[in-house]
Amino acid sequence: MMKSNSNNNINKSSISPLLPFILAEVGGGIDGFGGSSSSGSQYPPGFLKEFFEEADFDSLDPILKGLYENLRGSVLNVSALGNFQQPLRALLYLVSFPVGAKSLVNHSWWIPRSVYLNGRVIEMTSILGPFFHVSALPDHAIFKSQPDVGEQCFSDASTRRPADLLSSFTTIKTVMKSLYKDLADVLLALLKNTDTRENVLEYLAEVINKNSSRAHIQVEPLACASSGMFVNLSAVMLRLCDPFLDANLTKRDKIDPKYVFYSNRLELRSLTALHASSEEVAEWINKDNTGRTDGSRQSSDGENHVLQSQQATSSSGGTSEPSLQSGKPTSSGVGKSKYPFICECFFMTARVLNLGLLKAFSDFKHLVQDISRAEDTLATLKGMQGQTPSTQLDLDISRIEKEIELYSQEKLCYEAQILRDGDLIQHALSFYRLMIVWLVDLVGGFKMPLPDNCPMEFACMPEHFVEDAMELLIFASRIPKVLDGVLLDDFMNFIIMFMASPKFIRNPYLRAKMVEVLNCWMPRRSGSSSATATLFEGHQMSLEYLVRNLLNLYVDIEFTGSHTQFYDKFNIRHNIAELLEYLWQVPSHRNAWRQIAKEEEKGVYLNFLNFLINDSIYLLDESLNKILELKEIEAEMSNTAEWERRPAQERQERTRLFHSQENIIRIDMKLANEDVSMLAFTSEQIVAPFLLPEMVERVASMLNYFLLQLVGPQRKSLTLKDPEKYEFRPKQLLKQIVRIYVHLARGDTQTIFPAAISSDGRSYNEQLFSAAADVLRKIGEDMRIIQEFVELGAKAKAAASEAMDAEAALGEIPDEFLDPIQYTLMKDPVILPSSRITVDRPVIQRHLLSDSTDPFNRSHLTADMLIPDTELKARIEEFIRSQELKRHGEGVNIQSIKDTIQTTNGEMLID
């Protein structure tokens, strides 16, 4: 193990003469402290113990304060590879004596006081700060520890033997575990002592509150403590939580939700809440206090809310810990907490993990993205260098290569200290299991449906409590074997309960994150033996509510309230679509899905279908347009002579655009394929919602549009050199589109689908059906499917002919009978209550599926607010009847007119 040179920074004349004896007592020499290791043993046995136990506080306090300053200075800027073990063991030895503990918390550097005090200042100047700073994680250059872990262990990692890297990982993991244990033991020694316990809680609260800005995306390193300190503190706090992380979470009733509102220890009231606004939180607190006397401000347990120093055995093996039970107040001079230690420790750990371990996960994720971007840039620059070499390009390539090397070292440091520490991550998962079980208790326990109203205790809890649990699950799911043996049922229940419950969790992105967790757990192949398969296939709440809530969230996510909502919804729906596709293959879930479609035919299921169709059209349209743009750039680049004549900057910009378009096509096509696939497999067994009056024309138009693109006259312009690269599979897409046509035709008991196909003036062309049939025969589609598709095309052609006859028979239609949105003859006129404009019911219902407003004045509108215009409906019927009588002698097929004016429930308007 290497030793840090930073010990030499200590002024040797200021080193306490007692220090060599203490170091010898705890084991090891005294290198770096200005003496020889042999001199450390020259003292009578038991001398130190007697010295610290029998001398009075006033005499010892100055000596101890000097010792603490020596120890603090000796680990300043020491990394995980430096010698921190000796000073830390010495610190632990000193605080094991009551006098040593008392002297430490009364040191002026215990919590430094300064007008310039911030998170970084506490870390660097408090006695404990430098011990918590010891880490393998990267820090800002000003505060960089020595020896440099990245440089020593992970330089040129890509060329190193795997065994070398593994050895480095193992060393760092071992060293950090030792650090965590000793730091936890220091805090436990202080917490067990009733005279020093409150000081520890004050110190931790000060560290947390002064570093609250670590939660920001951009962290100011001069104002905030290092990630190393907060990851170490995360590990230590989790160890302090051990006694109440038992399997049955039996002590969770000691965690009082009122702590968030009434404790002055932590700044929790200002954090974003799960549902309540800051005004609602303030109002509720005021209201809650109104009916209380001072003596009853806390819960009935309030008088017992002080930690007592009873013994509790640590789960890590026999270490005495402070009791986590409530007891009577002590007579110590320090002001005591009104809450039990379990409660204090729970909320402090939640904050530390948010600012520490979870922030480190986020930083790691961004680091991986930075490496990926740098590698893309490097590949582009090398490509340009191959075409037109230049000195500037050489410099840029060299700079990017150094950047990637540094990033890679930092990434491996994170991997060494966090990703490979399965115990740390499992420990955190145990804590968040307690968190979500405790939160669910606030709404009445694990049962569905949820209460009608969200309890304010739940609504006011900090949002990050849930977000951190979800982020941890996502991160842990991507590390092999970390979830082995972890109880996931409570997490599964929590996700199912809240992912489609905007009345309980307001933030749609947080609910979408829950779907991301389920996505990580999803068995990737049907029939796989995944450990998480039982969560989906043998879990009661899952079987009953999972499909329903995924469909609900698919609809809700249309409007996130963010300026990026339009693009975000596609990514979120991609995750939902993947899950739904898997669940469709599980018979019990498929049956639940069919039942929901039946029950919610005109409710959420219709909205789900509408958005699925909207997304399919948009994504495919975008992809096909981008393919044309891509081919244009491809043509420019293939004309080598012309391309070389262009300025280098222009070529670089066009190349970047080319790669950008490639990525967009790949993503949009993948999502479009998923959407069409879902329409194909669901339409085989669920047909009725597709054929509702407000939906059938929309479905037909979409299918016709896709058919036109895939087999119409422009299809050859979409030919790509490598279509698979862009997820563009026209043959598969055509098969799915045709199967949707056939599935709907099979379920079309009232024969309304052919007329809907032919009434589409934008894309319908009777020749497309025969062209598609020819392609299908070539690519080997089932002959029965082709036959049914051709028959449907013939019916659509006949319906088109009948519709033309019917239109001619009606002659000039009065404007008042035409729908003002689509200019077609109204079948079921309704009045919009706000604008008082009359429209056709199927037309406005189709609009309301995507937008719950009156299209003429944007006021709120729902389907049940529509007012039937019975008088106008009667006049339309009379008009049709009169036209029928007038033209009866001309041999017009009046039946075709009747077919065009069915009411929304399928009955005829005329006889």
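The values are calculated or read from the model by the stated rules, or taken from the named source; none is laboratory data. Computed from a prediction, not measured in an experiment: that's the story for all the values here. All Cβ positions, even for glycine, are placed from backbone atoms using ideal geometry, and neighbour counts span all protein chains on display. Calculation scope for accessible area: heavy atoms of the full protein, side chains included, ligands and nucleic acids excluded. Shrake-Rupley method; radii C 1.70, N 1.55, O 1.52, S 1.80 Å.
Surface analysis of segment 648-760 yields an accessible area of 41 Å² per residue, using protein heavy atoms and a 1.4 Å probe. Computed over protein heavy atoms with a 1.4 Å probe, the accessible surface of segment 393-500 works out to 36 Å² per residue.
Its convex hull of Cα atoms gives segment 649-711 a direction-averaged projected area, equal to a quarter of the hull surface, of 6.0 nm². In a simple Cβ point-charge model (Lys, Arg +1; Asp, Glu -1; nothing else charged), segment 95-234 has a dipole of about 180 debye relative to its Cα centre. Can you give the FRET efficiency to the nearest 0.05 for ASP782 and SER178, using r as the Cβ-Cβ distance and R₀ = 60 Å? The formula returns an efficiency of 0.35 here.
Size of the chain from its Cα atoms: along the principal axes, largest to smallest, the extents are 128, 80, 50 Å. Annotation: lysines with alpha-carbon distance below 22 angstrom to LYS210 (same-chain offsets under eight excluded): LYS144, LYS336, LYS359. For the chain, the longest principal axis of the C-alpha atoms and the axis of helix 783-810 are separated by about 60°.
For THR564 and ALA157, the difference between the fully extended length at 0.36 nm per residue and the C-alpha to C-alpha distance is 142.7 nm. Checked against a 20 Å cut-off, the cross-linked pairs LYS670/LYS735; LYS365/LYS670; LYS177/LYS513; LYS382/LYS402; LYS254/LYS338; LYS670/LYS721 give Cα-Cα distances beyond that limit for LYS365/LYS670; LYS177/LYS513.
The helix-only estimate of mean residue ellipticity at 222 nm for the chain, built from DSSP H runs of length n ≥ 4 each weighted as -39500 (n - 2.57), is -19000 deg cm²/dmol after division by the residue total.
Just the number, please: carbon plus sulfur as a percent of the accessible area of the chain, 1.4 Å probe, no ligands or DNA/RNA counted. Present the calculation step by step, with values, prior to reporting the outcome.
Details: 19800 of 40000 Å².
Heavy-atom surface of the chain belonging to carbon and sulfur, 1.4 Å probe: 49 percent.
Compared with the dominant Cα axis of the chain, that is its longest principal axis, helix 604-638 is turned about 90°. Angle check, please: helix 508-521 long axis (alpha carbons) against the longest principal axis of the chain (alpha carbons), in degrees 0 to 90, nearest 10. The angle comes out at about 80 degrees. Here the dipole of the chain is about 1780 debye; that uses its Cα centre as origin and unit charges on the Cβ of Lys and Arg (positive) and Asp and Glu (negative).
For a straight C-alpha distance cut-off of 15 angstrom, the aspartates and glutamates reachable from LYS65 (same-chain residues fewer than eight places away being disregarded) are ASP56. Scanning the chain for GluC sites (Glu not before Pro) that sit in a DSSP loop and have at most 10 other Cβ atoms within 10 Å, the longest stretch containing none of them is 1-811. Can you figure out the FRET efficiency of SER213 with SER108, using R₀ = 30 Å and their beta-carbon distance, to the nearest 0.05? So, using R0 = 30 Å, E works out to roughly 0.75.
Accessible surface computed residue by residue for segment 66-158, with neighbouring protein chains in place and a 1.4 Å probe, gives 32 Å² per residue. For LYS181, the lysines whose Cα comes closer than 18 Å to its Cα, not counting residues fewer than 8 places off in the same chain, are LYS173, LYS192. Hydrodynamic analysis of segment 764-875 uses the Kirkwood radius over alpha carbon pairs. Inserted into Stokes-Einstein at 4 °C and 1.567 mPa s, it gives a translational diffusion coefficient of 76 µm²/s.
Among the trypsin sites (Lys or Arg not before Pro) found in segment 513-584, those both in a DSSP coil and sparsely packed, with 14 or fewer other Cβ atoms within 10 Å of their Cβ, are ARG524, ARG525.
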